[in-house]
Each structure stands twice: as structure tokens, then as C-alpha cells.
1. If a residue counts only when it is in contact with a His (Cβ under 7 Å, 6 or more places away or on another chain), modelled with pLDDT of 90 or more and crowded, with 16+ Cβ neighbours inside 10 Å, which helices (runs of 4 or more DSSP H) contained entirely in region 271-378 have at least 1 such residues?
2. Given region 1-101, what helices (runs of 4 or more DSSP H) lie entirely inside it while holding 1 or more residues that are under 21 Å from Trp161 (Cβ atoms) and at pLDDT 80 or above?
3. Which of the following residues is under 22 Å from Glu250 (Cβ atoms) and assigned to a helix (DSSP H, G or I): Ala144, Ala183?
4. Within region 274-323, how many residues are of a type in the set (Ser, Thr, Tyr), in contact (Cβ under 8 Å) with a residue 12 or more places away in the chain and either in contact with a Lys or Arg (Cβ under 7 Å, 6 or more places away or on another chain) or under 24 Å from Ile255 (Cβ atoms) (or both)?
5. Can you pull out the residues in region 134-162 that are of a type in the set (A, V, I, L, M) and at pLDDT 90 or above?
6. Out of (1) farther than 18 Å from Leu171 by Cβ; (2) assigned to a helix (DSSP H, G or I); (3) free of Cβ contacts under 8 Å to residues at least 24 places away in the same chain, what's the single condition that is false for Ile255?
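The values are calculated or read from the model by the stated rules, or taken from the named source; none is laboratory data. Bear in mind the structure is a predicted one, so any value in this text is a computation, not a measurement. Because the Cβ atoms are built from the backbone with ideal geometry, glycine has one as well, and the counts that use them run over all protein chains shown.
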Amino acid sequence: MNKPHFVKRFEFWSVLTVGSIYLLILVGGVVRATGSGMGCPDWPKCFGQWIPPTEISQLPADYKQVYTAQRVAKNQKLARTLASLGFSQVSGEIFAHPTQYIETDFNATKTWIEYLNRLLGALIGIFVFVTALVALPYWRRDRAILWLATASWFLTGVQGWLGSLVVSTNLLPVMVTIHMGLALLIVAILLYAVHRARRGYVASADHKASSDVGHRLGADTTAYTSLKWLVWAAIALTFGQIILGTQVREEIDRIASTMGYSQRGTWIAALGSVFETHRTLSAIVVLTNVVIGYQLWSLSRIDLRRLVAATWVVLGLEMVAGITLAYFELPAFMQPVHLTLATLLFGVQFLTILSLREPLGVGQAVVVTKQPLQATQA
């Protein structure tokens, strides 16, 4: 069955948006690796301008005091609001965070790196809005897809607001962590919407044929249920590893600042337990994905084998990136690559759980070997 035009249009914009989000994660990693996170001290403008300055002479002499005062006032208002809602611990962290009173020196290169990061974020906002618009035809067909697209649009707006808080709190760790977690949630929502749209327009005859073959090959519900729980566990591990990685990154920033961004070879030794935990968990993530991948491969489904191969490739590249960071003095260029690969692993794992939602989903094929067929004929 050929897909209607509105389905192809929705898939195009959804995939484009997801790809753009991954690009933004990579660029965000570059921002952190180059220390450009506070290149623009205000939001959404940059030094009060839509086009950032290129020379310090374009700024008032007291620009540090001006933007520090604005940021502190915004943080105090946020902290009071959070405290009134019962989030007293986060509120206290905002009040106690000393770097909110520190204004970094103007650096044209860092300013433009951060500003380009914001422009890409604004472009993604447009993409996700168009995705929600092209999902309107699903109102009469599958409203869940429309609600998913609309939710991603709303959460992208929230993500932009969180971005302003990340700036105003001068990269407060808890804000950076929430910012990253929400980005992964938006990716998961869009991936599910695309999967649901594709699944809804494959010939039912293909689904019946695949199911029949699946029964002949002995695919049982219990095995699929167990595997789904294992994949969910792997996703949770990856998510936890990404969040822990942001904490490692925060510790690296603190150490680098303390050492005046010199003696880079000593930073790893100074990281302490947070790095050791991160490295130990990485070994668990690798082992878990190898075991799960072997079980998924044995199901003889082409779609799952492709996802397993993608998982192992991303995992292998991630290991190379991690080893490079650990043993070659944390090269700055590898830090955003390491983060992006981790989020890609999360995306592939999520696609795997979507494919496992049905023992043999719509339009899925299986790899038929001689041994099972002979047993069936017998």
C-alpha cells in the first residue's frame, strides 16, 4: 500500500527535526568544550542585541555589572517561585550558587559560538512547529500522533525557557541536567510519532504473513516480554550514564577553572569518584547491550538485526571516544562527539523498544534458515 502524501510529509518533517536536535546536541557540546556557554550573558538577545557585537568597544564600560544584576534578579525571582512550589532544595542551590555573581570577560569568538547555537535552536523551534502543523490530518485518523507532535512543540518551548535559565544561573548543574533530559524526551516523543505513523500504513496482508512466519519460527510472547524489559533497563542505564556524564563535565569545568585551564593531563586524576562511577557504569552499559543484542539477533527479524548492528556500531564508537578522553588528556574536540554518540545510542535503543511492542510488527520480515523450515515441514 502506497503511503498518502500527508504521511510522507509528516515523516519528513519529524525525521528532519530529530536530526536537527542531534545536531544541536553536538553544537551544544562544542559550546561547553570551548567554554562558550556564557558567551552571551542574556537571553534571547546577546548583549541586548539581536546581532551580537564583535568588539568590546561596542559594549558599555560597566557591561559586567549590568548583566550580573539582571541575572541575579531573575534568579532570585525563580528561586522564590520554586520555593513556593515546594522545591526548596533547588531554590537553595540557585541562591547559593556563587558563579551567578561572576560575569565572564567578553570574547567575540565565544559569543558567536553561543549565538550560533541559539540560532540553531530557533530553527529547530520552527521545524517542530511545522511538524505539529503537518500532523493535523491525523486528527481523524490517529489523534495520538497529533498529540505527540503538539507535545513536542510545547516541550520545545519549555526547552527554550530552560535555556534562558541555564544562562541566568551561569550553567547551574541541575539546570544543565534538566535541559539535557528534556532534549532526550523530545527525541523519544518524535521517534514514537514517526514509528506510529509508519506502522499505520503498511499492508495488513504483510502483517498477517509476518505473523504466520513468526509463529512457525517459534516466536513466543513470553520471550518478547522479557526482552522488552531488558531493553527498557538498557535505556534507563544509558539515560543515567548521560546524566552522570553531565556531572562529570561539570566537575571538569570546575577543575579547569581552578587550574587556570592549564595542566590538562592532571584533570582526570582530580575528578575522583564521579569519574570512577561513570567509567564503571560504561562497562555495565556495554555488557548489557551485548547480551541484549545477542538475544535480539536470535529472533531472526531483519528490523531488529539492523537495530542491533546500529547499537553495536554506536557503542563501539562511543568506547573509542571514551578511551580517547580518558587516556589522551581530555581533547576538547572529542567531548561533544562523546555526548552526541551517547544520545544516539539512546535513540537507537528507543527505536528497538518500539519495534518490540509487537512480536512481529506490521511489515516486518524475518530471516528464515533451513533448520527451522525442515522442522516445520516434518
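1. Working: elements: 273-297, 302-327, 334-355, 370-377.
The helices (runs of 4 or more DSSP H) meeting that bar are 302-327, 334-355.
2. Details: elements: 5-33, 63-84, 88-96.
Result: 5-33, 63-84.
3. Working: Ala144 fails: under 22 Å from Glu250 (Cβ atoms).
None of the others qualify; the one that does is Ala183.
4. 2
5. Filtering region 134-162 for residues of a type in the set (A, V, I, L, M) gives 134-136, 144-146, 148-149, 151, 155, 158, 162.
Matches in region 134-162: Val134, Ala135, Leu136, Ala144, Ile145, Leu146, Leu148, Ala149, Ala151, Leu155, Val158.
6. (1)
Okay, residues lined up against (1) over 30 Å from Arg196 (Cα atoms); (2) surrounded by 20 or more Cβ atoms within 10 Å (Cβ to Cβ); (3) assigned by TED's automatic domain parsing to the domain that holds Leu341; (4) not basic (Lys, Arg):
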residue	(1), (2), (3), (4)
Pro4	no, no, no, yes
Thr17	no, yes, no, yes
Gly35	yes, no, no, yes
Arg71	yes, yes, no, no
